[in-house]
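Undergrad: The structure's right below; bear with me while I get my questions together.
Computed from the coordinates by the stated procedures, all read-outs in this text should not be read as laboratory data. Remember, it's a predicted structure, so these values are computed and weren't measured experimentally. In this analysis, Cβ positions are derived from the backbone assuming ideal geometry, glycine residues included, and neighbour counts consider all displayed protein chains.
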Number of protein chains: 2
Amino acid sequence: MTELRRDPITGRWVIINAQQENHLLDLRPVDHDGDEEHCPFCEGHEDQTSAEICALRPEGSKPNAPGWYVRCIPNINPVLTVNSDLGRRGVGLFDMMNNVGVHEVIIESPDHRKDYHDYGPAQMKRILAAYRERIVELKKNQHLKYVLVFKNHGKRAGSLHIAHAHSQVIATPVVPIRLKMELAGTRKYFQMKERCIFCDVIRQELKDEVRVVEQNDGFLTLVPFASRFPYECAILPKRHMARYEDIEEKELDDLSDIFQRTFHRLHQILHDPAYNCVLHDAPNTVPKKGAWKTIGKDYHWHFEIIPRTMRTAGFEWGTGFHINPMAPEKAAEDLKSVDLSE
Amino acid sequence: MTELRRDPITGRWVIINAQQENHLLDLRPVDHDGDEEHCPFCEGHEDQTSAEICALRPEGSKPNAPGWYVRCIPNINPVLTVNSDLGRRGVGLFDMMNNVGVHEVIIESPDHRKDYHDYGPAQMKRILAAYRERIVELKKNQHLKYVLVFKNHGKRAGSLHIAHAHSQVIATPVVPIRLKMELAGTRKYFQMKERCIFCDVIRQELKDEVRVVEQNDGFLTLVPFASRFPYECAILPKRHMARYEDIEEKELDDLSDIFQRTFHRLHQILHDPAYNCVLHDAPNTVPKKGAWKTIGKDYHWHFEIIPRTMRTAGFEWGTGFHINPMAPEKAAEDLKSVDLSE
């Protein structure tokens with residue numbers, strides 16, 4: 001099967017070329033650094049990191065000391081820093097500004113060897129709650145237009161330094177262009193139909209069933225219709241919700257459940273793959289403004305998960321044109337078939 | 001130095017984080033397959049490929065036999081094929097179409113061991129002329145909206161199968177999204193200023209000098225102001241020209257010269273790097289239409305060259321947001337300093 005598919009949100013076309021399904025996949029497992037003794041993210045090594053910004057701890061436990069569940073610290077090599085003004089300026093034709101922003105690390109657990117695919121439900125929920133907490137906090141700064149929460153797992157996915165499971169938070173004074181494209185696409189659809197396109201996609205995917213990996217009361221995991229990569233997944237709330245930070249307690253339980261199960265599936269089928277996981281959230285627009293009113297109705301947050309199974313990424317950088325060697329329906333079927341008792 | 005820079009054409013922001021200039025670079029040389037005996041692209045092995053679509057040969061030389069300079073053949077595993085109708089259709093919300101298109105390979109030389117960086121000027125010119133010839137031919141088919149000419153050099157850049165130097169041509173019924181973004185950006189600027197933004201950028205870069213690697217009568221090589229990757233380069237014609245295929249003979253000489261020199265520089269400084277080189281050309285719009293008239297004035301073809309020196313590519317896929325660990329001015333300086341007599 002070979003066909004061209006259009007992503008309904010951004011309008012990007014992808015060639016699905018499912019003739020060569022497996023020979024392109026890179027199934028090397030992630031290279032784990034077992035050296036817990038020198039890991040600054042392990043419990044008991046709190047003095048080896050910068051002082052924590054915040055942490056989830058049982059009552060009575062002291063900051064920057066053992067006994068925490070999740071810790072948030074400043075990135076030691078931040079790509080953006082808080083200590084300067086925006087300094088927006090033109091240089092002839094060109095526009096630039098200072099590297100204003102925030103770069104934080106969320107240490108996901110005290111345990112060096114645990115990760116998304118094998119956290120217990122309580123720990124998974126704490127991590128997802130920590131994301132919410134950092135977003136709420138950082139969006140108070142109106143200079144910061146976007147809060148990016150993401151995780152690079154494995155060297156091939158860009159995790160260069162420390163093997164101990166961690167997520168990153170980057171808050172920027174600009175909205176990333178992929179998000180801008182999504183926002184433009186959702187706005188256009190809303191103007192035409194007065195409905196959220198993600199809600200419509202979810203409705204259709206639940207009816208079609210062929211690309212849904214699983215669902216619970218609040219969420220579903222699916223393989224997007226115009227996936228760029230094999231086993232690319234998205235996790236979306238069923239309820240229309242523009243901002244991740246509006247998630248409620250019961251929903252956080254459902255999300256923890258499906259999130260952990262989705263990564264368990266990927267882990268089983270791809271044997272501990274390298275991956276990128278990125279939260280696509282609404283930008284930090286002032287609620288009073290007209291623009292926000294629309295975004296509140298037409299945008300719909302979700303996680304995007306990209307296993308790094310392609311040996312290479314070629315001319316995609318130059319063109320935005322992707323060739324996916326695996327049919328999304330096949331990927332969904334494979335993921336569904338995983339025995340989660342293993 | 002860390003700052004945020006905006007690409008003037010697409011509006012994409014990049015973090016230039018030049019504190020960590022070198023430790024992120026992957027300088028492993030390309031893994032050359034020296035097995036000329038079994039290489040189907042070598043001279044004398046013409047019977048091991050499909051019959052040639054066309055070739056540059058000295059007069060009197062026979063098709064599909066030795067004695068050629070440049071050969072164009074169908075890709076043996078095409079991602080698109082000519083033998084079907086477009087079959088545009090909706091599946092609920094989703095849009096798809098058949099894999100209509102063309103996928104060709106241009107074997108750049110009979111010599112297994114030569115490449116962009118060390119072709120003589122005559123051979124380099126033949127290759128660039130072959131690109132022109134294929135574009136002119138393929139644009140006659142009005143179903144094909146875009147002709148992509150590109151080269152993946154080295155496994156890390158997506159060249160999976162054959163080490164013998166070759167380029168690829170993919171003609172598609174849709175315009176790739178990166179190009180759409182460029183076209184939208186150039187149109188917006190033209191509507192505002194009635195000038196081509198690329199022409200304005202060239203004028204400013206030639207004045208500023210800090211990002212120009214070199215120039216000759218017809219062309220210049222520069223490191224873009226908001227480069228996404230270390231040593232990313234662009235080669236642009238100084239004369240306003242929307243379509244590559246409008247290049248004239250004298251210009252083809254100038255282009256051959258600067259093209260070969262640019263790759264020579266990259267080869268010296270990065271020790272035979274893996275790279276992607278993509279021609280950004282105007283889409284295949286009917287000249288009579290109003291749209292074409294505008295594109296003719298506001299678009300400006302160019303080559304984009306991306307050395308694959310980043311050990312990783314992380315959350316960039318999810319966000320379109322890039323962190324470049326090297327200042328473009330430093331990259332330009334390094335490239336300028338290369339001794340081309342080596």
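Undergrad: List the pair-distance distribution P(r) of the stretch B:91-202, using every Cα-Cα distance, as the percent of pairs falling in each 5 Å bin from 0 up to the bin containing the longest distance, rounded to whole percents.
TA: Calculated P(r), rounded to whole percents: 2, 9, 15, 15, 16, 17, 13, 8, 3, 1, 0.
Undergrad: For the residue pair A:R239 and B:H240, what label-to-label distance in nm results when each label sits 7 Å from Cα along the Cα-to-beta-carbon direction?
TA: Placing both labels 7 Å beyond Cα along the Cβ direction yields 5.5 nm.
Undergrad: Kindly rank A:169-177, A:126-134, A:202-210 from highest to lowest mean number of other beta carbons found within 10 Å of each residue.
TA: Output ranking for A:169-177, A:126-134, A:202-210: A:169-177, A:126-134, A:202-210.
Undergrad: While we're here: Please list, or write none, the lysines whose alpha carbon is within less than 16 Å of the alpha carbon of A:K140, excluding same-chain residues fewer than 8 places away.
TA: A:K288, A:K289
Undergrad: Per residue of B:247-260, count partner chain C-beta atoms within 10 Å of its C-beta, then hand back the mean as an integer.
TA: For peptide B:247-260, the averaged partner shielding equals 0.
Undergrad: Taking Cα pairs under 8 Å and at least six residues apart, what relative contact order does the stretch B:2-336 come out at, in percent?
TA: Value for the stretch B:2-336: 24 percent.
Undergrad: Provide an ascending nm list, one decimal, of label-point separations from A:R28 to the equivalent residue in each further copy; define each label point as 7 Å from Cα along Cα→Cβ.
TA: Result for A:R28, in nm, nearest copy first: 0.6.
Undergrad: I've got another one for you. Could you name the lysines in cross-link range of B:K207, using Cα to Cα under 21 Å and dropping any fewer than eight places away on the same chain?
TA: List returned: B:K193, B:K238, B:K330, B:K336.
Undergrad: While we're here: Note down the nm distance, to one decimal, between modelled labels 7 Å out along Cα→Cβ at A:H271 and at A:E342.
TA: 1.2
Undergrad: Please enumerate, by chain and number, the lysines with C-alpha under 25 Å from the C-alpha of A:K155, excluding those fewer than 8 residues away in the same chain.
TA: Within the straight-line limit of under 25 Å, A:K155 reaches these lysines: A:K114, B:K155.
Undergrad: In the P(r) worked out for the stretch A:42-162, what percent of Cα pairs fall beyond 25 Å?
TA: Of all Cα-Cα distances in the stretch A:42-162, 32 percent exceed 25 Å.
Undergrad: Can you give the convex hull volume of the alpha carbon atoms of the protein assembly as shown per residue, in Å³?
TA: 169
Undergrad: If you don't mind, another one. Which whole number gives the average, over all residues in B:143-154, of C-beta atoms from other chains lying within 10 Å of the residue C-beta?
TA: 2
Undergrad: Report, please, the projected area of chain A averaged over directions, based on the convex hull of its C-alpha atoms, in nm².
TA: For chain A, averaging the hull's shadow over all directions gives 19.0 nm².
Undergrad: I need to check one value: relative contact order of the stretch B:131-285, counting alpha carbon pairs closer than 8 Å and at least 6 residues apart, in percent.
TA: Relative CO of the stretch B:131-285 lands at 31 percent.
Undergrad: Label-point separation (nm) for A:D208 and B:D253, each offset 7 Å from Cα along Cα-to-Cβ?
TA: 5.6
Undergrad: Hey, another quick one. Arrange the following residues from fewest to most other Cβ atoms within 10 Å of their Cβ: A:E46, A:E342.
TA: Going from least to most buried by this count: A:E342, A:E46.
Undergrad: Related question: Given the options B:K155, B:K140, B:K238, which has the most mean-square fluctuation in a GNM of chain B, springs set between C-alpha atoms less than 10 angstrom apart?
TA: Checking each option, the largest mean-square fluctuation is seen for B:K140.
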